[in-house]
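The structure appears right after this line, and notes come after that.
Bear in mind these aren't lab numbers, they're just calculated from the coordinates by the rules spelled out. Note that the structure is a prediction, hence the values are computed from the model and not measured. Note that we place each Cβ from the backbone using ideal geometry, even for glycine, and neighbour counts take in every protein chain shown.
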Amino acid sequence: MASTPLKILAISGSLRKSSFNSAALKVAEELAGDGATFTFADLSTIPLYDQDLRDKQVPEAVQTLNDQILAAGAILFSTPEYNYSVSGVLKNAIDWLSRLDPQPFADKPVAVMSASMSAFGGARAQYDLRRILIYLDAHFVNKPEVMIAFAHQKFDGDGNLADQDTRAFIGKLVSALIDWARRLQR
């Protein structure tokens with residue numbers, strides 16, 4: 001008897017149209033096969049966090065993201081590394097979400113990967129994202145760690161990933177996230 005596909009919300013920390021991180025999430029969707037269905041979050045219309053704005057009303061884009069997280073069985077992030085940390089757009093979205101009740105990340109299975117043109121592959125951004133979301137009670141997949149170094153050499157201009165080792169690591173991460181979410185559901 002086949003189980004119901006896991007609903008995964010994919011969140012890219014990059015707004016760039018030809019983002020390597022967004023492309024990596026598309027690869028994850030492809031490799032998940034029948035084990036999961038993907039929804040892709042849009043962070044582009046979330047305003048900068050402002051408590052005065054928050055006191056008036058939660059912006060629609062923030063509420064939409066919150067609802068997507070609550071409806072998802074798991075979250076898969078892919079983040080670039082900006083100045084040794086997560087991108088401002090990703091941090092801003094998390095700042096908005098951190099002030100909502102119920103906390104959307106609480107007890108949520110989460111996995112993270114990163115793609116960067118550097119040799120470190122976004123490792124520092126991943127560790128910062130983990131620190132931020134641990135405080136919000138997210139439950140991370142620990143292994144495998146997927147850090148796509150020299151991403152500009154592994155993806156073509158259309159966002160296709162030709163590097164088979166990287167594809168295999170992404171596939172293992174998606175599989176681990178699906179398994180982790182199922183374990184936490186018990």
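Dividing the summed helix terms, -39500 (n - 2.57) for each DSSP H run of n ≥ 4, by the number of residues in the chain produces a 222 nm estimate of -13500 deg cm²/dmol to the nearest 500. Using a ≥ b ≥ c from the Cα gyration tensor of the range 1-92 (square roots of the eigenvalues), is it rounded, prolate or oblate, where a/c under 1.5 gives rounded and otherwise the larger of a/b and b/c decides, a/b for prolate? The shape class here is oblate.
Using only the Cα atoms of the chain, build the gyration tensor, take square roots of its eigenvalues as a ≥ b ≥ c, and label the shape rounded, prolate or oblate: rounded if a/c is under 1.5, else prolate if a/b is larger than b/c, else oblate. Oblate, because a/c is 1.5 or more while a/b does not exceed b/c. For the cross-link pairs Lys108/Lys143; Lys7/Lys154; Lys91/Lys154; Lys17/Lys108; Lys17/Lys143, the ones whose C-alpha atoms lie over 21 Å apart are Lys7/Lys154; Lys91/Lys154; Lys17/Lys108; Lys17/Lys143. Of the trypsin sites (Lys or Arg not before Pro) found in the range 96-154, those in coil by DSSP whose Cβ has at most 16 other Cβ atoms within 10 Å are Arg99.
One Cα centroid belongs to the range 1-57, the other to the range 106-133; the line between them spans 14 Å.
What you get for the chain, charging only the Cβ of Lys and Arg (+1) and of Asp and Glu (-1), is a dipole of about 380 debye around the Cα centre. Rounded to the nearest whole Hz, the Karplus-based 3J(HN,Hα) values (6.51 cos²θ - 1.76 cosθ + 1.60, θ = phi - 60°) of the range 110-120 follow the sequence 9, 10, 9, 9, 8, 9, 8, 7, 7, 6, 8, with x at glycine and proline.
Report the percentage of all Cα-Cα pairs in the range 70-174 whose separation exceeds 18 Å, rounded to a whole percent. Of the Cα pairs, 49 percent sit more than 18 Å apart. Put in line by how crowded their Cβ is, counting other Cβ atoms within 10 Å and starting with the fewest, Leu76, Leu65 read Leu65, Leu76.
Under a model in which nothing but the beta-carbon of Lys, Arg (+1) and Asp, Glu (-1) is charged, the range 117-186 shows a dipole of about 380 debye around its Cα centre.
Legend: P(r) of the range 112-186 from all alpha carbon pair distances, 5 Å bins from 0, whole percents, reading 3, 16, 21, 23, 18, 11, 6, 2, 0.
Build a GNM of the chain with springs between Cα atoms under 10 Å apart, and of Gly171, Gly33, Gly13 the one that fluctuates most is Gly33. A simple rule links phi to the HN-Hα coupling: the Karplus curve 6.51 cos²θ - 1.76 cosθ + 1.60 with θ = phi - 60°, which for the range 151-158 gives 4, 5, 9, 9, 10, 8, x, 9 Hz, with x for Gly and Pro.
Distance from the C-alpha centroid of the range 151-170 to that of the range 72-87: 18 Å, rounded to the whole angstrom. Amide H contacts under 5 Å for Leu6: Ala36, Thr37, restricted to partners 5 or more places along the chain or on a different chain, H placed in the peptide plane at 1.01 Å from N.
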